[in-house]
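Presented below is the structure to which this report refers.
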Amino acid sequence: MNRFLIVDDHPLFREALHRAVMLACPSSEIAEATTVASAVALIQKPEPAFDLVLLDLSMPGTEGFEGLLEIRSRFPELPVVIVSCLDDARIVQRALSYGIAGFIPKSASREVIAGAITAVMSGAIHIPETLLGLGVSGLEGGAQNDVLARLAALTPQQLRVLQMLRQGRLNKQIAYELDVCERTVKAHVSEILRKLGVYSRTQVVIETAKIDFESLTEPAPPRGTGSLPS
């Protein structure tokens, strides 16, 4: 059974989110909090861990990204999806830089919210379709060339880990596929973040969204092959 935590101070929207969660995952257990402090208290309780937090940015007692940063810093392994009426592209981009698993506008329908929750629970990162063309994800031109230059610093094993991160794999899934321990995967992820100059797995996905990984990982042709000049 999946466990969700809805953090929002508006009762009507908590009810709307509750219905969306049940549409996405009918057999789920759902808890609710009206402040970030009460959310932290619930997360800390010695009971089965939450699988996902649905958090409003505009919460009592917090300003800006304070609530998100508190939850992310205290529970870095817990996925957080922002559900907010503040859906400006700059706000979404900044929230993504803090490692959220997705951003859902409050104006979205219940079906759209449920679809986003389903996508996140399967390991994807959800970005509103209306924001995909506004610079929230992907790179163009010189920026993409810069990322390619930084990717060149990665080892073959780090490239494999990066490719799995882009597929939404968890550390334990990557460790299983590579036949290594999770500690080794965490070390690779840390090095990937450092070499790419980013701060979260989410940023890695965004920065490398338009990179052709097939060309990066395919073996180089043997030396001495090809036609010789006449």
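Listed highest first by mean packing, meaning other Cβ atoms within 10 Å per residue, what order do 165-171, 92-98 come in?
Put in order of decreasing packing, that is 92-98, 165-171.
Would you mind getting the Kirkwood hydrodynamic radius of the stretch 3-131 from its Cα pairs, rounded to one decimal in Å?
14.4 Å
What is the set of long-range amide H partners of L52 at a cut-off below 5 Å, with H atoms built 1.01 Å from backbone N?
Amide H to amide H, under 5 Å and 5 or more residues apart or across chains, L52 pairs with R3, L5.
Using θ = phi - 60° and the Karplus relation 6.51 cos²θ - 1.76 cosθ + 1.60, list the HN-Hα couplings for the stretch 171-178 in order, rounded to whole Hz, with x at every Gly or Pro.
4, 5, 5, 5, 4, 5, 5, 8
Measure off 7 Å from each Cα along the Cα-to-Cβ vector at L23 and K195, then give the distance between these two points in nanometres to one decimal.
4.3 nm
Just so you know, all these numbers are worked out from the coordinates, no wet-lab data involved. All values derive from a computational prediction rather than experimental measurement. Reconstructed Cβ throughout: ideal geometry from the backbone, glycine too, with neighbour counts over all protein chains shown.
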